[in-house]
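Colleague: If you scroll down you'll find the structure; I have some questions about it.
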Amino acid sequence: MGMGVVDTVMAGRLGAVNLAGVALGGVVFWPLLLLVAGVVMALTPTVSQLHGSGRSHEAGEAVRQVLWIALVGGLLLTLLFRNIEPVYHLIGVDAQTIPITVKYLSAISWGVLPVLGYFALRYLCEGLSWTAPAMVISGVGLLLKVPLNYWFIYGGWGIPALGGEGCGWSSAVIMSLQFIAICLVVRSSRVAVAGVFRRFSWPDMKAIWRYTKLGLPIGMSTFAEFGIFSLMTLLIGRLGAETVAAHQIVNNISGLVFMVPLGLGMATSIRVGFNVGANDLSAARRSGWVAIGASFGFALVAVTALLTLGPWVVGLYSTEPEVVAVATGLLLIVAVYQIFDDVQVIAMGALRGYKDTTVPFLIAVVCYWLISLPVALVFGYGVFDGLQLGVSGYWIGLACGLICAALILVTRFNRVSKQYAQAAKGEQVPVV
């Protein structure tokens, strides 16, 4: 997420058109990438339950089969990103932003396969309750992002000035370096117990189907949430480059704050899955509730920070008065839904620890696409005369969907965890 902040800030310094171009590329790239990455995320509950039941050595085969999923999905995404220009014309976004968007997507598409491989090996480490490698590798990547961005954006040392397109090339380079780094970690650290590189495995269609069936709802849930944000951005693209730039700034700030509960949600999935694998179902339920409480506490701090420091932070992204004014006004809506956004991602992570993925996916679809989208169209797109609120209306729609998702997902976690704790007392819960 920090790399996204760097892109937004540095592209913003080139003007609203470059910032909007990178933003309109990112809102297509990231949801689709996270869709495939979500399928790969089937490794996290699988490995954590194997780890909890003392079968960590079996995780290597799971990783090898999931890497086949990543390969196929990554190739399809790469092909799509390099041929997506007609979609932007069809939607009717600001024409002056499209060339930058298309070049950005073509450049960053070179990083798709490496980053999916990175995700798979990262989820292995996390499933074995070792999260430090991802933190270190991501941190180093963030440190490299600034000089690489500067190099590709402004040119020098044999590279021409690429503007917003340069953000895509720097990301692709870093994604490739991250994959190499995680390979070295998995091969020569305590994670080697999984035996990922011990041998080669041809595709096992039964195993691939099993992991796809588990991971696809995870990916679709992620896509349902991030996809609605992307659709909103594309619709907002009709309002002009300055409005898109303001929306992207606020989306970036909100996303940066969201990284803390998102990371906590991943940790919750790992701990719940470990305890389920160890047949300690009371501890699994307790882990979920502790994380939900922690996210609620963090959300209160985040809301306070957004309301007090928000205008200053917006000023770091852009100096254009119109962009700053619109972005500052949107922060109030973000602060309102922050609590619910933080809580829902924890509840979703806890349910994944139980390998409960299909129903949460359906909940996400209903809340984001059947509640958020209609409300956003009414108040943002102006379906009815007199109710059009512009960009604020889209954010009100997002808030409504997130509030509903939080309430329903917490209720489901309470019911699922209670059923496990009551029905499986004294019984071994099988690793599926």
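The values are calculated or read from the model by the stated rules, or taken from the named source; none is laboratory data. Every value quoted in this text rests on a predicted model; they were computed, and no experiment measured them. For neighbour counting, all protein chains shown are included, and Cβ atoms are generated from backbone atoms with ideal geometry for every residue, glycine included.
Colleague: Being surrounded by fewer than 19 Cβ atoms within 10 Å (Cβ to Cβ) and of a type in the set (Gly, Ala, Ser) narrows it down to one of 74, 60, 54, 117, so name that one.
Modeller: After applying the criteria, what remains is 54.
Colleague: Still on this model: Please report, ordered by residue number, the helices (runs of 4 or more DSSP H) entirely within the range 16-120 with at least 1 residues that are in contact with a Cys (Cβ under 9 Å, 6 or more places away or on another chain) and over 25 Å from residue 354 (Cα atoms).
Modeller: Fully inside the range 16-120 and qualifying: 16-40, 98-108.
Colleague: Quick check on residue 207: is it in a helix (DSSP H, G or I), surrounded by fewer than 21 Cβ atoms within 10 Å (Cβ to Cβ) and of a type in the set (Gly, Ala, Ser)?
Modeller: Yes: the conditions hold for residue 207.
Colleague: Let me confirm something: among 253, 236, which residue is farther than 16 Å from residue 390 by Cβ, in a helix (DSSP H, G or I) and among the β-branched types (Val, Ile, Thr)?
Modeller: The unique qualifying residue is 253.
Colleague: Turning to a different aspect of this structure: Pairs under 9 Å by beta carbon, first residue on the phi > 0 side of the Ramachandran plot in the range 89-105, partner modelled with pLDDT under 80, six or more apart or different chains?
Modeller: Within 9 Å, the pairs are 92/237; 92/238.
Colleague: If residue 127 meets every condition in (1) within 19 Å of the chain's Cα centre (by Cα); (2) at pLDDT 90 or above; (3) crowded, with 22+ Cβ neighbours inside 10 Å apart from one, which number is that one?
Modeller: Going through the list (1) within 19 Å of the chain's Cα centre (by Cα); (2) at pLDDT 90 or above; (3) crowded, with 22+ Cβ neighbours inside 10 Å, residue 127 breaks only (2).
Colleague: Return yes or no: is residue 263 out of contact with any helix residue (DSSP H, G or I) (no Cβ under 8 Å at 6 or more places or on another chain), surrounded by fewer than 20 Cβ atoms within 10 Å (Cβ to Cβ) and small (Gly, Ala, Ser)?
Modeller: So residue 263 passes the test.
Colleague: Still on this structure: Would you be able to say whether some residue in the range 301-323 is crowded, with 18+ Cβ neighbours inside 10 Å, of a type in the set (Phe, Trp, Tyr) and over 21 Å from the mean Cα position of the chain (by Cα)?
Modeller: Yes - at least one qualifying residue is present in the range 301-323.
Colleague: Separate question: Listed residues 364, 327; which is touching a Leu at 6+ places or on another chain (Cβ under 9 Å) and either surrounded by 23 or more Cβ atoms within 10 Å (Cβ to Cβ) or modelled with pLDDT of 85 or more (or both)?
Modeller: Of the residues listed, the single one that is touching a Leu at 6+ places or on another chain (Cβ under 9 Å) and either surrounded by 23 or more Cβ atoms within 10 Å (Cβ to Cβ) or modelled with pLDDT of 85 or more (or both) is 364.
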